[in-house]
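Below is one structure, written out as C-alpha cells; the observations come after it.
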Amino acid sequence: MKVCGVDLKGNEANVCLLSLIDGLFHVPDCRTRRLTLADTSAKGLKSFQSTFAKLVADYKIDAVIIRQRQSKGKFAGSAIGFKLEAAIELIEGLNVIVYSPTDIKESLRRNPISVPFAETGLKQFQEPAFTSAYAWLMQNHYASQTGE
C-alpha cells in the first residue's frame, strides 16, 4: 500500500510518499515535496487540485493521510489551509483520511519509528507528513492483521 502524508501549513501542502511492502517501509522518490497555493481564487484552487490529483495518479497512491488541524484556538489552522484540505478531499475517487494528532500519538506509542528521521532522506519540513503517513500505515496494517 502506498500513501501520501500531507501536512498543511498556511498556503502549502507538505507531502511525503510512504509505502509498506512485506512489512518494510519505503520512502519512494517524489518529484515534489510541497505544493503551494499562490492564488486563493477558485481558479487557483482548481489548479492546486488538478496538480495534486496528477501527483496521486502518477505515483499510484492508494490513500492520502492529512494531519488534522484544530479549527479554533491558539494553534488553529488557517482558512487557506482548510480550503486546501477541501480541495484534496473533493478529488474524485481519492481515498482521503483526516487523521487526528491523538490517533497519531497513540499509533506511534504502539509502533515507534525505528529509524531516526534524519536517515529517511526527507527534509525537516516533511516530518509531520511522514509521521502522519507512518502512524496511519501502522494502525491500518495491524488492524488488518487482527481483523479490527
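The values are calculated or read from the model by the stated rules, or taken from the named source; none is laboratory data. Not measured: the values here are computed from a predicted model. Glycine also receives a Cβ, built like all others from the backbone with ideal geometry; neighbour counts cover every protein chain displayed.
Can you find a residue in region 38-58 that is in contact with a Gly (Cβ under 7 Å, 6 or more places away or on another chain) and closer than 16 Å to Phe125 by Cα? For region 38-58, residues in contact with a Gly (Cβ under 7 Å, 6 or more places away or on another chain) and closer than 16 Å to Phe125 by Cα: absent. Once region 48-74 is narrowed to residues that are of a type in the set (Lys, Arg) and either under 16 Å from Leu90 (Cα atoms) or out of contact with any strand residue (DSSP E or B) (no Cβ under 9 Å at 6 or more places or on another chain) (or both), the residue that is surrounded by the fewest Cβ atoms within 10 Å (Cβ to Cβ) is Lys74. Taking helices (runs of 4 or more DSSP H) as the structural unit, those lying wholly within region 44-148 and holding at least 1 residues that are modelled with pLDDT under 90 correspond to 79-89, 127-146.
Listed residues Leu90, Leu45; which is under 16 Å from Val6 (Cα atoms) and out of contact with any strand residue (DSSP E or B) (no Cβ under 6 Å at 6 or more places or on another chain)? After applying the criteria, what remains is Leu90. When Leu35, Leu24 are checked against the criterion of being within 25 Å of Thr120 (Cα to Cα) and either surrounded by 15 or more Cβ atoms within 10 Å (Cβ to Cβ) or touching a helix residue (DSSP H, G or I) at 6+ places or on another chain (Cβ under 6 Å) (or both), Leu35 stands alone in meeting it. Each residue in region 42-68 was checked for being more than 12 Å from the chain's Cα centre (by Cα) and farther than 17 Å from Pro28 by Cα, and 11 pass. Taking (1) surrounded by fewer than 18 Cβ atoms within 10 Å (Cβ to Cβ); (2) more than 20 Å from Asn11 (Cβ to Cβ); (3) touching a strand residue (DSSP E or B) at 6+ places or on another chain (Cβ under 7 Å) in turn, Tyr99 satisfies each apart from (1).
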